[in-house]
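This report refers to the structure that appears directly beneath it.
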Amino acid sequence: MAKSNTAFVCQNCGTAHAKWSGRCEACGAWNSLVEETVSAPPGGLSAPEAGKKTRVANVDFSPLDSAEPPPPRLSTGIPELDLVFGGGIARSSAVLVGGDPGIGKSTLLLQAAASMAKAGVKSLYISGEEAVSQIQSRARRLNVAASPVQLAAETDLRSILKALKAASPELVIIDSVQTLWSDNLEAAPGSVAQVRACAQELTRFAKKTGAAVVLVGHVTKDGQIAGPRVLEHMVDAVFYFEGERGHQFRILRSVKNRFGPTDEIGVFEMGEQGLSAARDPSALFLAGSEAEASGRAVFAAMEGSRPVLSEVQALAGPESAGSPRRSIVGWDSSRLAMLLAVFDARCGLRFGTRDVYLSVTGGYRITEPAGDLAAAAALASSLLDKSVPAGSVFFGEVALSGAIRPVGRIEPRLREAARLGFTQAFAPPGAPELVDGMAVRALSRLQDLVDVLGGGE
Ligand code: TYD
Ligand code: MG
């Protein structure tokens with residue numbers, strides 16, 4: 001039996017320290033060390049006793065070039081999900097799906113399990129959060145109750161592993177990893193030590209048996225999977241399910257994927273019968289045709305192989321006494337600060353003590369630097385009270401020098417914008433001049449944008 005000892009484990013990064021201190025030396029977090037009883041995992045690297053083993057296994061080396069086929073995949077039966085996973089979920093892999101509570105993780109995974117089970121994949125769904133009857137009633141609501149998914153409500157890791165070994169499933173959903181506990185550890189469920197130990201055991205189960213294991217993880221307020229980043233290193237793929245409450249759109253974003261691309265997104269719509277693929281995802285985040293108004297600009301974004309158009313709205317308030325407010329939804333506050341500084345220094349456009357609000361509509365979040373130019377257009381348009389040219393889209397990165405820098409994948413952005421009825425694009429230099437009837441105007445400096453809006457005269 002493994003020997004128990006205690007360690008002070010950082011609840012932020014999971015590093016174990018021999019002694020308590022006020023600050024974790026590994027990640028710098030304050031007051032994050034908690035004493036935990038840790039029994040060394042069987043054969044685990046942290047056990048010094050492991051060095052006493054007499055039998056040492058041989059390590060076999062392999063060439064880079066291998067005739068072995070890529071890991072086989074299981075189609076989830078949900079095309080949006082398969083796209084994000086990179087062509088289905090890989091067997092023998094452990095996958096983490098994170099997201100805010102209530103965003104739809106359980107719904108999505110129950111739908112996936114149901115569709116896979118119906119296609120003959122042996123699927124288990126183990127919930128530590130809901131009773132079996134609750135899951136059954138959700139299944140009825142989702143119209144999937146006839147699917148042969150096996151349900152269980154359990155949180156004890158040992159019981160779960162025993163049941164898994166007996167059932168030899170091909171797909172296991174664990175909802176959620178934060179509710180599991182292993183009696184090897186004294187730490188409470190949801191603590192870093194527990195989450196890590198449970199995820200490790202389940203990952204090992206996936207590798208050993210060829211099952212695909214999906215772990216659901218809740219996200220904390222600051223956007224991390226509760227407790228530990230350590231989980232992200234442990235699993236083969238990490239996906240975040242995002243969206244705004246009050247909007248029915250949900251985006252599944254890949255953060256890490258050992259078996260596929262990491263920049264694909266899946267776009268879903270939450271409805272009465274659960275999640276369905278959004279019908280026209282590229283047009284989903286457009287605010288619609290309101291009357292022409294200042295402070296609005298459309299960004300032609302790329303999410304992996306998929307173009308997405310979204311609208312940025314900005315409002316520069318009146319001069320205010322005291323420190324001005326900067327409020328942002330769906331974009332990055334440091335990029336806003338940078339843009340305002342560049343406007344000031346390179347174009348003489350001063351936001352000064354005005355409150356500035358910037359919002360990306362529809363619950364979309366801009367992650368590409370190419371979004372700079374659209375945000376800049378919305379900001380300048382609001383400040384100057386001049387609307388941007390009708391039917392236009394924007395993309396380009398703004399440098400500190402005020403230069404508009406080129407971005408990748410220009411043509412798919414332009415083609416999609418043209419398809420959706422836009423007629424002109426403002427883009428960095430180097431873009432083709434005409435694509436599918438869309439006129440492209442190259443802007444080389446931020447000042448060129450201000451001139452377009454008529455603020456330069
Ligand atoms: P859920 O999957 O339980 O979220 P999570 O597991 O991420 O915490 O989804 C909860 C929300 O989804 C809840 O507010 C109700 C809503 N919902 C629908 O709108 N339609 C549906 O068909 C279902 C099952 C849930
Ligand atoms: Mg849930």
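The values are calculated or read from the model by the stated rules, or taken from the named source; none is laboratory data. All values derive from a computational prediction rather than experimental measurement. Cβ: placed from backbone, ideal geometry, glycine included. Neighbour counts: every protein chain shown.
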- Query: Across the stretch 122-145, what is the total count of residues that are farther than 24 Å from residue 194 by Cβ and crowded, with 22+ Cβ neighbours inside 10 Å?
  - Reply: 1
- Is it fair to say residue 321 is surrounded by fewer than 17 Cβ atoms within 10 Å (Cβ to Cβ), out of contact with any helix residue (DSSP H, G or I) (no Cβ under 9 Å at 6 or more places or on another chain) and assigned to a helix (DSSP H, G or I)? no
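Say we look at the stretch 264-281 and pick out the residues that are more than 16 Å from ligand 2 (Cβ to nearest atom) and over 21 Å from residue 86 (Cα atoms); which of these is nearest to the chain's Cα centre (by Cα)?
In the first step, residues of the stretch 264-281 are kept if they are more than 16 Å from ligand 2 (Cβ to nearest atom); the result is 264-267, 269, 271-273, 276-281.
Keeping just the survivors that are over 21 Å from residue 86 (Cα atoms) gives 271-273.
Working: 271: 21, 272: 24, 273: 24 Å.
Residue satisfying both the conditions and the ranking: 271.
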- Looking at the stretch 147-167, which of its residues are touching a Phe, Trp or Tyr at 6+ places or on another chain (Cβ under 8 Å) and among the hydroxyl-bearing types (Ser, Thr, Tyr)? 155
- Task: Return yes when residue 401 is over 24 Å from residue 306 (Cβ atoms) and of a type in the set (S, T, N, Q) and no when it is not.
- Result: yes
- Give me the pairs, please: first residue somewhere in the stretch 90-102 and touching a residue at least 60 places away in the same chain (Cβ under 8 Å), second residue anywhere and within 14 Å of ligand 2 (Cβ to nearest atom) and among the aromatic types (Phe, Trp, Tyr), beta-carbon distance under 6 Å, and either six or more positions apart or on two chains. 99/241
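Condition check: at pLDDT 90 or above, part of a strand (DSSP E or B), assigned by TED's automatic domain parsing to the domain that holds residue 447 and closer than 18 Å to residue 244 by Cβ. Does residue 267 satisfy that? Before you say what the answer is, go through the steps one by one.
Details: at pLDDT 90 or above: yes; part of a strand (DSSP E or B): yes; assigned by TED's automatic domain parsing to the domain that holds residue 447: no; closer than 18 Å to residue 244 by Cβ: yes.
No.
Residues that are over 25 Å from residue 455 (Cα atoms) and assigned by TED's automatic domain parsing to the domain that holds residue 404: does the stretch 335-347 have at least one? It would help to see each step written out before you state the result.
First, pick out the residues of the stretch 335-347 that are over 25 Å from residue 455 (Cα atoms): none.
No, there is no match, as no residue in the stretch 335-347 is over 25 Å from residue 455 (Cα atoms) and assigned by TED's automatic domain parsing to the domain that holds residue 404.
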- Message: For the stretch 251-263, give me each residue that is among the charged types (D, E, K, R), at pLDDT below 90 and either over 10 Å from the mean Cα position of the chain (by Cα) or within 16 Å of ligand 1 (Cβ to nearest atom) (or both).
- Response: 253
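Here is a list: 226, 193. Which entry is within 16 Å of ligand 2 (Cβ to nearest atom), out of contact with any Pro (no Cβ under 7 Å at 6 or more places or on another chain), farther than 30 Å from residue 283 by Cβ and modelled with pLDDT under 85? Spell out how you get there, then give the answer.
Details: 193 fails: within 16 Å of ligand 2 (Cβ to nearest atom).
Answer to the check: 226.
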- Can you tell me which residue among 284, 252 is within 16 Å of ligand 2 (Cβ to nearest atom) and either outside the structural domain of residue 383 (by TED's automatic domain parsing) or under 27 Å from residue 107 (Cβ atoms) (or both)? 252
- All conditions in (1) touching a helix residue (DSSP H, G or I) at 6+ places or on another chain (Cβ under 7 Å); (2) surrounded by fewer than 13 Cβ atoms within 10 Å (Cβ to Cβ) are true of residue 277 except (2)
- Query: In the list 146, 114, 139, 119, which residue meets the criterion of being more than 13 Å from ligand 2 (Cβ to nearest atom), in contact with a Ser or Thr (Cβ under 8 Å, 6 or more places away or on another chain), over 29 Å from residue 245 (Cβ atoms) and small (Gly, Ala, Ser)?
  - Reply: 119
